[in-house]
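No lab work stands behind these numbers, since they all come straight from the coordinates. In this text, all values refer to a predicted model and were calculated from it rather than measured experimentally. Positions of Cβ are generated from backbone atoms using ideal geometry, with glycine treated the same way; all protein chains shown enter the neighbour counts.
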Amino acid sequence: METLLEIVKITVPALVVFLTVYILMKYHYLKVYTMEKMKLKNENSNRTLPLRLQAYERLALFCERISPENMLLRFRKDATTGKDLEQLLILAIKQEYDHNLTQQIYVSESLWSIIEICKNQVIELIARAAKTPDSDDPNVYSEIVLTALDESNPVKTTLKAIRNEVEIYFS
């Protein structure tokens, strides 16, 4: 019995010391892990922020390049008919979109949806203008597109959405 009492006298303080050390070490390692995780997150954000800003720049440039006013200036001289001009404009929009497709990984899903809607609305506007009478002449076709653009300009709306999302990083 005396031996059992001696074992308990030694075991209980050893267990108390073990549990204390275990809890302190667990807390310490959790704190170190959290600090390392924060450090890695900070380093990653320092790397990804320039990439995100570059993606926003490229998407703003995409919007400017698919803007009907700018495209008409670039392609009007290459077309002999309104239908040719329509096809050139739609092809240019699709090529620009394909060129900037990878930027979607750097922007929010909602902004990318806005970009896609803008592209589709500009294509629709261009196609609708080709269905109007007298659209065979490239100059008349251009005027029809610009008139339709005055009513609704999806590019301006998209550029505003891009600016709003970029402001998140600077506020």
What whole-number volume per residue, in cubic angstrom, does the convex hull of the C-alpha atoms of the stretch 132-171 give?
70 Å³
For the stretch 30-75: span of alpha carbons on each principal axis (Å, largest first):
61, 11, 8
The chain - Rg over Rh from alpha carbon coordinates, Kirkwood radius
1.52
How much length is gained if the chain between D84 and E124 is pulled fully straight, taking 0.36 nm per residue apart and subtracting their Cα-Cα distance, in nm to one decimal?
12.8 nm
At 4 °C and a viscosity of 1.567 mPa s, what translational diffusion coefficient does Stokes-Einstein give for the stretch 1-87, taking Rh as the Kirkwood radius over Cα pairs? Give it in µm²/s as a whole number.
64 µm²/s
Once you have the Cα-Cα distance between E116 and I168, take 0.36 nm times their residue separation minus that, and quote the gain in nm to one decimal.
16.6 nm
Efficiency of FRET between L53 and K156 - r from beta-carbon atoms, R0 25 angstrom, step 0.05:
0.75
So, with +1 on the Cβ of K and R and -1 on the Cβ of D and E, and no other charges, what is the size of the charge dipole of the stretch 2-170 about its Cα centre, to the nearest 20 debye?
820 debye
Centroid-to-centroid separation of the stretch 57-109 and the stretch 137-170 [C-alpha atoms, Å]:
12 Å
Just to be sure I understand: with springs between alpha-carbon atoms less than 10 Å apart, which residue in L51, L85, L73 has the highest mean-square fluctuation in the Gaussian network model of the chain?
L73
Stretched out fully, how many nm does the piece from F18 to S108 gain, at 0.36 nm a residue minus the Cα gap?
27.5 nm
Hydropathy at least 0.0 by Kyte-Doolittle, axial extent at least 18 angstrom from the Cα trace: which helices of the chain, defined as entire DSSP H runs, fit?
2-66, 109-130, 138-151
With a Förster distance of 41 angstrom and the Cβ-Cβ distance between K31 and V8, calculated FRET efficiency to the nearest 0.05 equals 0.75
